[in-house]
Structures are given as structure tokens and as C-alpha cells.
Amino acid sequence: MSPKKKINIIFIIQRTKKIGFKDIDHMLPFLYFLSKNEEYEYTAKGFIFGSETQQSKNIDARVKLLSNLKNIELVFTDKENFLKKAMQFLTPDSNSKPVKLLNKVLNKIIKQSSKSPNIDIDWKTELGNEFINSNMPLIFVLHNDHITLEIVSKIKKQNKRAKCVLLPHGTTICDNQMVSETDLGKSPIVKQHPLYKVIDYSLKTSKRDKNDEVFNGFKDDRSIIIGSPRYCSEWIKIKSNLNLDGAEVRVNSNYNIKVLFLIPKKHINIFSEELIRTIDFISSYEEIELVLLNYNSHFPNMPDYIINKNNISQYLISEKYSTSKLIDWADIIFHVGTGVIFESFMKEKITVLPRYLSCNTLISDKYNAGFNLSNRDELRTLCNAAVASLNNLKNDYREKCELANKKFIDDFVHANSLSVQQNITKTITYIINNFETLKQ
């Protein structure tokens with residue numbers, strides 16, 4: 001038996017100061033699946049662009065699992081300072097207005113003090129001799145912004161054999177191109193991105209994503225479809241067994257129907273006033289408990305008479321409950337465009353798109369996945385049906401949406417394959433085998 005090939009990995013986790021820790025959500029399943037592979041040996045060092053104190057404040061099972069995976073070492077790039085340590089004691093969990101105001105002020109201070117990650121690192125020392133002298137060095141990243149590309153360039157200077165792999169950080173959500181409120185260009189933009197000079201391989205969730213990337217100039221044989229590690233059935237089962245999603249959401253027996261509304265980001269062409277009217281209407285049903293999950297506590301700016309209703313609760317992402325646990329809790333989930341919605345489809349929840357809330361065209365709507373509402377009349381029909389019989393609505397949803405939902409999931413989560421985990425193993429093996437033949 002020939003000896004196992006040994007690879008050395010550097011992975012980068014950024015945006016740790018943003019709510020939700022999405023980078024960890026996307027990186028963790030990939031590394032977990034990699035750790036279960038017996039075809040090769042590896043060592044990995046992760047550079048987390050944040051402070052250890054900050055991580056300890058937000059410690060959860062995901063971070064613990066990442067740090068406990070075999071042959072993985074974590075390096076926190078931000079130095080500790082008095083201000084950051086003080087934050088841990090000055091931001092208690094409280095519903096009182098003075099404490100909330102204090103939290104807001106302190107969080108603003110710390111965000112202003114750490115807007116850009118510190119990439120001026122002694123990379124030669126931090127990378128270590130094992131990576132620098134490795135014949136099979138890999139760099140895993142999740143972003144293609146200029147900061148990430150600069151980091152990759154600095155690492156590659158220490159080992160010119162290193163190959164950078166861009167992992168999936170989501171997938172295409174909208175069918176149209178002018179997705180945000182600032183997209184007002186008269187001509188389509190062809191993204192001739194500098195990543196094509198720095199990124200050696202790009203792993204995609206779907207054929208559509210690959211086609212877009214190749215159209216924009218990336219080499220076809222370097223763009224590889226693996227599916228979605230974060231939302232695939234294998235990972236959802238694993239993270240449930242490992243209790244990675246945190247506390248269970250409290251169930252209030254006063255309500256018959258539990259509704260989760262994933263509030264969209266304001267800048268993605270959202271009709272804010274109609275969004276408020278929709279929330280007002282759903283919450284007018286006394287039988288419904290409505291949870292609003294926000295990216296930003298200031299959007300939408302709802303009147304007090306709505307937000308003070310007894311059957312409405314508002315949470316920031318990952319503040320009190322994980323999105324996964326809120327999806328588990330809910331009977332019905334509303335969305336207007338977010339990658340998280342794949343988990344709702346995977347868990348076979350009644351998933352609803354009020355398409356009239358955005359001028360974007362969502363791909364889920366193109367697939368006719370879930371219930372897609374054209375106007376408030378159809379919203380009323382849905383709510384009345386839920387109140388009349390939630391079980392009948394679930395049966396109706398299953399009958400009308402099962403095939404379309406499966407096609408949507410197959411294309412954008414499972415890459416029309418049997419196993420995302422196997423796709424990852426095959427892809428890493430392909431990259432390893434190419435090391436000797438790739439132009440250095």
C-alpha cells in the first residue's frame with residue numbers, strides 16, 4: 001500500500017465581527033467532512049481575524065467543534081486590548097432601554113475601532129516551516145474581496161507552490177442582475193475580477209453559479225461543482241446530532257401557529273412600506289405567534305402599535321437563538337431572498353415568498369419552489385387556510401410543492417449528486433493529483 005499523501009492547509013475566517021458568524025457556518029462543514037476522509041493526511045492552521053476574547057464572548061458549539069477537529073490549530077490575529085476586554089462585562093443581556101442604549105454605543109465604538117482586519121502579520125513566522133516547505137500546500141478562503149486576495153498573495157509569497165481554493169459562501173439567490181438599490185448601470189457588468197489571478201480553484205454550489213463564473217472568465221476546469229456543505233442533508237443531520245445549533249426556542253402554548261419571518265436586508269430592492277403592512281396583517285391573527293428575525297435592528301422601522309403587539313417578537317440573527325433553531329420551531333417561514341432559506345426547504349417547512357415585497361426575481365420563484373404570493377389577497381388566503389387547519393395546509397403544501405422543491409434542492413444544495421461529502425473528497429483528491437502537473 002502506497003503511503004498517504006500529506007497536505008498542509010491554511011484557512012481564513014474573516015468577518016467575525018458581523019452578526020451570525022457566517023464564515024464559520026460555511027467553513028466548518030467543509031473542514032468537518034475533510035477530517036473524516038481517510039485517503040490522505042493533513043494538518044491545518046486557521047487564521048481567525050478577530051480576538052480570542054471576542055470569540056470567548058460568543059463561544060458556541062460551532063467554534064468548539066472547529067477547534068477540536070483533528071490536526072487543526074487556530075490563530076487569532078487581533079491583539080487583546082483593554083477596550084475589547086471591557087466590552088465583555090459592559091454588555092449584559094437585558095431588555096431594559098438604558099442597557100440596550102449602552103450596548104448600542106459600545107458596539108459602535110468597537111466596530112469603529114476594528115473596521116478593517118489587521119493583515120500586517122509576520123506570515124513567515126505564523127505560517128510555520130511545515131507549510132512553507134510543503135509540497136502540497138492549500139489555502140481555503142470564503143471571499144473574493146480585495147482584502148482576502150491580498151492575504152492570499154502574502155501567503156503565496158511564502159510558498160510559491162500554494163494553491164488557493166475558494167469555498168462556497170452561498171449561492172445565487174436572484175435571477176436578475178440589478179439586485180441592490182444602487183445597481184443603476186445602463187449596461188450589464190462583466191466581472192473580470194482579480195480573483196482569476198489569485199484563486200486557483202473555485203468550488204461552487206450549483207451549475208448556474210459555475211456557468212456565471214466561467215462566463216466571466218474563470219477557467220472551466222478550475223470551477224468545480226460540489227453542492228452546499230452548509231445546507232446538505234448530511235451536515236444538517238450531523239449538526240443536529242452534535243447539538244451545534246444552540247438552545248431550543250421557547251414554545252408558547254397560547255398560539256396555534258408559529259410563523260418565522262426572515263426580514264430581508266434593506267438594500268436588496270425591498271418595498272419597505274409594503275413589508276410593514278404585510279407584517280401588520282400577519283400579526284393581526286390572534287392564533288399566530290410571529291417572530292421577526294432581523295439583520296439590522298433598525299429595519300424595518302415599524303410603528304409602535306405593531307411592534308408592541310403581544311404576538312410579535314423580534315430577534316437579531318444569532319443574538320438569542322440560532323436561525324436553525326428558529327426554523328425548527330416554526331410551522332411557516334416567510335422570506336424575501338436569503339441563502340438561509342435552503343435550510344427551510346431541507347427541513348420541509350412551509351416556505352413562503354411574498355414576491356410582491358421585492359422587485360427582484362428570486363430563483364426559488366423561477367423553480368416555483370414553496371408558496372409564492374403575488375399580492376396581499378393571496379397572503380390572506382394563506383393565513384386563513386393556516387388558521388382553519390394547519391394540517392390541511394401542510395398536506396396542500398406537500399402536494400403542490402414537493403416536486404418543485406426537490407428540483408430546487410437537487411440543483412442548488414446537492415448538486416444533483418448522492419453526497420456533498422463525497423464531492424468534497426473527490427475534489428480535494430483531484431486538486432492533489434494536479435499538483436505535479438499544474439504550472440508553477
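Values in this text are rule-based calculations from the coordinates and carry no lab data. Remember, it's a predicted structure, so these values are computed and weren't measured experimentally. Positions of Cβ are generated from backbone atoms using ideal geometry, with glycine treated the same way; all protein chains shown enter the neighbour counts.
Grab the other residues whose beta carbon is less than 15 angstrom from that of Glu150, score K and R as +1, D and E as -1, and report the net. So the environment of Glu150 carries a net charge of +2. Which shape class applies to region 196-304: rounded if a/c is under 1.5, otherwise prolate when a/b exceeds b/c and oblate if not, where a ≥ b ≥ c are the square roots of the Cα gyration tensor eigenvalues? In terms of gyration-tensor shape, oblate. Close amide H pairs (under 5 Å, H built 1.01 Å from N) link Ile225 with Lys204, residues at least 5 positions away or on another chain.
Projected label points at Asn392 and Leu184, each 7 Å from Cα along the beta carbon direction, are separated by 4.9 nanometres.
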